[in-house]
Each structure stands twice: as structure tokens, then as C-alpha cells.
Amino acid sequence: MQERAPGYNDMGTLRCDGCGEEFTIFHEPTFVDAGAAHRQALWLEKVLAYEHEREQKHADRIELPE
């Protein structure tokens, strides 16, 4: 089930290649940047893959770099 973030803009959803879990990237309305969302998605892919390599569970929420 995907959690919503009231007042935030949905910038896209990323599906983990390892387990299929979905993560949505949200931005505050004052910081809506498609380029940043793309970079964040690339970063998140690496984090998720690393967690699978280490046999760690994904966190419910992951703070993304700006």
C-alpha cells in the first residue's frame, strides 16, 4: 500500500528491482524539480540494491538527498 503525503507533490514511483516494493518520491510544493527527482531516483536505486546485497529490509521512509 502506498502512503500519501498530503500537501506534497508526487514526483514519480520507483520499483525496487530486487523485491518489487514501490517507493514514491515526493517534493514539497516550494521545491518541485523534475531533474532533482530523476537524480534522487537514481540514488534510491543504488540504496535499494545495496540493501539487498546486505540482506537488509528497506525502511518505510528514506530521506533523499536534494
**Request:** Would you mention how many residues in region 21-66 are surrounded by fewer than 10 Cβ atoms within 10 Å (Cβ to Cβ) and of a type in the set (Val, Ile, Thr)?
**Result:** 1
**Asked** Does region 3-19 contain at least one residue that is more than 10 Å from the chain's Cα centre (by Cα), in a helix (DSSP H, G or I) and loosely packed, with under 10 Cβ neighbours inside 10 Å?
**Response** no
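Read the figures in this text as sums done on the coordinates, not as results from a lab. Quick caveat: nothing in here was measured; it's all calculated off a predicted structure. All Cβ positions, glycine included, derive from the backbone under ideal geometry; neighbour counts span all protein chains shown.
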